[in-house]
Amino acid sequence: MSSTTERIDSSCSRRVFLQLASVGAFSAIAAGCQKTPSLVCSDPARLSDAESSLRASLHYTEQSSQAAQVCGGCAFFESAQQDACANCTILNGSVNPKGHCDSWSAPTQ
Ligand code: SF4
């Protein structure tokens, strides 16, 4: 099971910052750094074959195409936080709060 949790913000990388700063493009830096960073919740290279197979069979994706059905709003997402990776009891591993799979289910009231 992978529990890798990291933020990747390519628009604010040190290299890009230094390149833009060297030409005085501070407005571009400000605009680029205001973009929402991508949240990566699992490293496919660290998943077992069984974990990868389960994710594939349920069509798990890190970014849901349905705004109303995201992992963060699923009954199987084990966190109240909507901006951090958390465990999914179906996939038995870390998932993206903005992700989705075929087992999405609304929480019971
Ligand atoms: S069951 Fe699917 S939609 Fe629900 S939290 Fe797990 S991966 Fe996300």
I need the full set of residues from the range 88-102 which are within 18 Å of residue 45 (Cα to Cα) and either touching a Pro at 6+ places or on another chain (Cβ under 7 Å) or surrounded by fewer than 17 Cβ atoms within 10 Å (Cβ to Cβ) (or both), in order please.
92
Would you mind finding the one in 79, 64, 105 that is open to solvent by less than 60 Å² (accessible area, probe 1.4 Å), more than 11 Å from residue 41 (Cα to Cα) and either within 7 Å of the ligand (Cβ to nearest atom) or touching a Cys at 6+ places or on another chain (Cβ under 7 Å) (or both)?
105
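The values are calculated or read from the model by the stated rules, or taken from the named source; none is laboratory data. Computed from a predicted structure; not experimentally measured. In this analysis, Cβ positions are derived from the backbone assuming ideal geometry, glycine residues included, and neighbour counts consider all displayed protein chains. Please note that ligands, DNA and RNA were not included when accessible areas were found on the heavy atoms of the full protein model with its side chains. Shrake-Rupley method; radii C 1.70, N 1.55, O 1.52, S 1.80 Å.
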